[in-house]
Amino acid sequence: MIFGILEIFRNEPFLLFIITLGVACSIGGIPPIIERNRRRGIENDLPAMLEALSDSLGAGLGLQQAMMAEADRNTGTLGKLLRETLADAHSSSFDAALANFATKSRSSQVQRVMHLMSTAIEQDAPLQNILADMSRDYERLNDLMNRRESDLMGRSILIIMFVSIGLPFLIAFIVGLFAPREQGFQLESFNSSFTLFFGAASFVAISVSGRMLGRMRSALWWAPLWMAVSMSIYHVGVFVIGG
Amino acid sequence: MRSLDESREVLYVIRTLDVLMGSGVGLEAAIHSISQGGYGIISKDFSNLMENINKGKPLERELRALLKKAETDGYKRVINTMLNNVTQNTDIIETLRKQGERMEESRTESVKEYIEELGGVPETLLSIGMIGPIILSILGIAPQLMEDAEELFGPMDQGMIMSIVNVGLMLTLLGMAMIGLKAHTKDPGL
């Protein structure tokens, strides 16, 4: 039966192409996930860092000293980046080190904060208040982003599971049961239409669920794999259930 | 797309203007700082505005032109505040702070609304995405299933039925995409 299942893929060059593309793209889809986890880790630590810097400035420390204290305290990615920044600050200016820190973080939140901090230092603005305000702002922003993620994650997984797995399995079951291949039903064009439909429906499902979570581009890396899964489930399902 | 970009960036622009102007920078210099980049579409708008000012056009006229171009309420309000500052010398910092607070509240509300509105999307998507193909699959195999019932229902052409099924599948797909579009159009722009 396993050879029989493998044999049915031989006549489906498009499906084989999608499977190959899916495997290749899923490898491309891993770096965005790792990068996003790293970036969100930094962004979630950012409000606490700003608050600590504001407190230290209020206690009379300079910005560089406050950052040193924070780098010692923070054991996450942000702390590591801060330590590197302060090491760089010995060989270059503090302003250049801040810019370097923003670039290395690859986070728009950190880049904006560093830009504002540099501007505030240049303009001799009350840094303690600015840092405290920014800490509040970014804490609220991160809370909203985390809430969106946690509330919509389940729904987006539900969409993918139902459209890419549940639906092709259900239709394969109906077709296999009512029009089994072994009884001589001619369903080539029917199967080809439905196979393409499941591929396209999976693409729509991945796009929608990715957009719901606010990361459609990185979700699309996984689209070919889910399309291949969905199309294969239908093909194999019809073959197995239809005898 | 423009409105989404505006709503995403405007709060950061307000905060930056607040810091810059609160520490004594003038309005034109603050606009110049934002025009250097980092604030998406608003940086581009401010960059065009600065280009025109450097050509000798008055700031007031440029701000009025930008006001017409702006799509979101928040961005329009910011430009209006700038315009009032230029024409009537109003306290821009205080107004910007209040606007920032209001905008933050409305952003929180719009995220909550977004999450609530998307609550029904999976169910609707799955209803259309499942009912359509189930009906169409039964319709597609009907001519072969009911070969012996031609006297009762008349002859059924498999080719014609398949054309109907294909159109139905495309419409189902379109319906799914249209429902999914809600996730894009209602995005609060975080």
TODO: Restrict the check to segment B:91-99 and report whether at least one residue is within 10 Å of chain A (Cβ to nearest Cβ), in a helix (DSSP H, G or I) and in contact with a Gly (Cβ under 8 Å, 6 or more places away or on another chain).
DONE: no
The condition of being among the polar types (S, T, N, Q) and within 11 Å of chain B (Cβ to nearest Cβ) holds, among A:135, A:230, A:218, A:150, only for A:150
Margin query: Whether any residue in segment B:46-55 is without any contact (Cβ under 8 Å) to a residue 24 or more places away in the chain and outside any helix (DSSP H, G or I) is what I want to check.
Written below: yes
Taking segment B:20-38 and the residues there that are at the interface with chain A (Cβ under 7 Å from one of its Cβ atoms) and over 27 Å from the mean Cα position of the chain (by Cα), the one that is surrounded by the fewest Cβ atoms within 10 Å (Cβ to Cβ) would be B:24
Of the candidates B:83, B:63, B:11, the one satisfying the condition of being within 26 Å of residue A:109 (Cα to Cα) and outside the structural domain of residue B:175 (by TED's automatic domain parsing) is B:11
Sole miss for residue B:184 among (1) surrounded by fewer than 18 Cβ atoms within 10 Å (Cβ to Cβ); (2) modelled with pLDDT of 90 or more; (3) closer than 20 Å to residue A:216 by Cα is condition (2)
Exercise. Has segment A:170-190 got at least one residue that is small (Gly, Ala, Ser), in a helix (DSSP H, G or I), facing another protein chain (nearest Cβ under 9 Å) and touching a Phe, Trp or Tyr at 6+ places or on another chain (Cβ under 8 Å)?
Worked result: no
Residues in segment A:57-90 that are in a helix (DSSP H, G or I) and farther than 22 Å from residue A:111 by Cβ total 6
* Quick one: is residue B:81 in a helix (DSSP H, G or I), closer than 22 Å to residue A:138 by Cα and either among the β-branched types (Val, Ile, Thr) or at the interface with chain A (Cβ under 7 Å from one of its Cβ atoms) (or both)? -> no
Scanning segment A:91-110 for residues that are part of a loop (DSSP other than H, G, I, E, B) and either crowded, with 16+ Cβ neighbours inside 10 Å or at pLDDT 85 or above (or both) gives A:106, A:107
Picking from B:104, B:109, the residue that is within 8 Å of chain A (Cβ to nearest Cβ), of a type in the set (Asp, Glu), assigned to a helix (DSSP H, G or I) and under 18 Å from the mean Cα position of the chain (by Cα) would be B:104
If we ask which residues in segment B:158-181 are at the interface with chain A (Cβ under 9 Å from one of its Cβ atoms) and either within 14 Å of residue B:130 (Cβ to Cβ) or within 19 Å of the chain's Cα centre (by Cα) (or both), their number turns out to be 8
Of the residues in segment A:150-172 that are touching a residue at least 40 places away in the same chain (Cβ under 8 Å) and exposed (fewer than 15 other Cβ atoms within 10 Å of the Cβ), the one that is nearest to residue B:126 (Cα to Cα) is A:157
Picking from B:190, B:139, the residue that is outside the structural domain of residue B:15 (by TED's automatic domain parsing) and within 30 Å of residue A:179 (Cβ to Cβ) would be B:139
Going through segment A:191-217 in order, the residues found to be not in a helix (DSSP H, G or I) and not charged (D, E, K, R) are A:213, A:214
Note on residue A:113: of the conditions (1) part of a helix (DSSP H, G or I); (2) more than 22 Å from the chain's Cα centre (by Cα); (3) in the same structural domain as residue A:236 (by TED's automatic domain parsing), unmet is (3)
Condition set more than 13 Å from residue A:54 (Cα to Cα) and more than 7 Å from every other protein chain (Cβ to nearest Cβ), scope segment A:114-131, selection surrounded by the most Cβ atoms within 10 Å (Cβ to Cβ): answer is A:114
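The values are calculated or read from the model by the stated rules, or taken from the named source; none is laboratory data. For clarity, every value in this text was computed on a predicted model and none was experimentally measured. Glycine also receives a Cβ, built like all others from the backbone with ideal geometry; neighbour counts cover every protein chain displayed.
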